Each structure stands twice: as structure tokens, then as C-alpha cells.
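Working notes, beginning with the structure itself.
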Amino acid sequence: MQKRRFTFLMVLLLCIVIVAGFVFCSINKPHESAENLTANVFVNAEKLYADYSQNEVQANGLYLDKIISVTGKLQQKLNQNDHYFLVLQTNGDGNINCSMMMNDTTVLHQLSLNKVLIIKGKCTGYLADVNLVDCVLTK
């Protein structure tokens, strides 16, 4: 009986160590920038916004949590606490919000409004506007 109890406790301890190791690795996983990842989808800003405004569930299947490359006209540049956002114009009531991940912001300052840009980032969904994070300029 003593041997069974010891074996059970050792197996339980081993399971706890394995789960703790998995959780530790998941939490400490390095952040991946879209800059080093390949885009899964290529779309223009108008189509991206139209897809989300017409059917959000279907658009989530196409774009959500994927690295996408979006082409569109720059409508606005925003700087909030040294974090930059570029807003791409669409034909609808909303926009494409791109949260930029750049250390060198001189390029962002030189961008002129209405310039056509290609931005690559991870789509996080739709909340009145379509939102992309970890974005980088590709053109």
C-alpha cells in the first residue's frame, strides 16, 4: 500500500512539474513582430473594411489573428505616448487602424497624407474600425 501511494505521489509531482514548465514557457514566449513574418493575406483597405462591415463572423475567418498586408491611402497619423498609429482610408464609415511597431520613427514623420501605403500587421478584429497590431511599413 505504501509503494502505491509513493508511486501515485511521484506521478502527480511529475505532472505538476510538466504543466508548470509548459505555463512558464508560454508566458515567457518572445513577442513576434509582423516584420519577420510572411503575410498570409493581401488585401486593399476598402475590401478589408467592406468584408468586416458586411459579415464580421465570415471576415474573422478570413483575417482574424493572421498576418495581412493591406494597401490603402494614409488618412491620418497619430502619436499617443510615443506609440504611433496610421489610419488608412476606406470607402465606408470606418477605417483601418494600424498600430505601428517601429523604433525609428523618422520614416513615419515623413509620410504625407493621401499617400498609398502597404502595411503588414496582425489583424485583431473589428470594433467600428478594423484593427491591426505590430504593423510595419512594407512600402
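The values are calculated or read from the model by the stated rules, or taken from the named source; none is laboratory data. Owing to the predicted nature of the structure, the values given are computational and were not obtained by experimental measurement. Please note: Cβ atoms are built from the backbone with ideal geometry, for glycine as well, and neighbour counts cover all protein chains shown. Surface areas here come from the heavy atoms of the whole protein model, side chains and all, with no ligands, DNA or RNA. Shrake-Rupley method; radii C 1.70, N 1.55, O 1.52, S 1.80 Å.
Scanning region 67-88 for residues that are surrounded by 15 or more Cβ atoms within 10 Å (Cβ to Cβ) and charged (D, E, K, R) yields LYS73, LYS77. For region 96-111, the count of residues that are open to solvent by 70 Å² or more (accessible area, probe 1.4 Å), touching a helix residue (DSSP H, G or I) at 6+ places or on another chain (Cβ under 9 Å) and closer than 15 Å to LEU78 by Cα is at least one. Scanning region 29-77 for residues that are at pLDDT 85 or above and within 17 Å of LEU108 (Cα to Cα) yields a count of 8.
The number of residues in region 112-125 being open to solvent by 80 Å² or more (accessible area, probe 1.4 Å) and in contact with a Cys (Cβ under 6 Å, 6 or more places away or on another chain) comes to 0. Among residues of region 1-28 being small (Gly, Ala, Ser) and surrounded by 10 or more Cβ atoms within 10 Å (Cβ to Cβ), the one that is modelled with the lowest pLDDT is GLY21.
Restricting attention to region 42-66, the residues being open to solvent by less than 50 Å² (accessible area, probe 1.4 Å) and among the acidic types (Asp, Glu) number 1.
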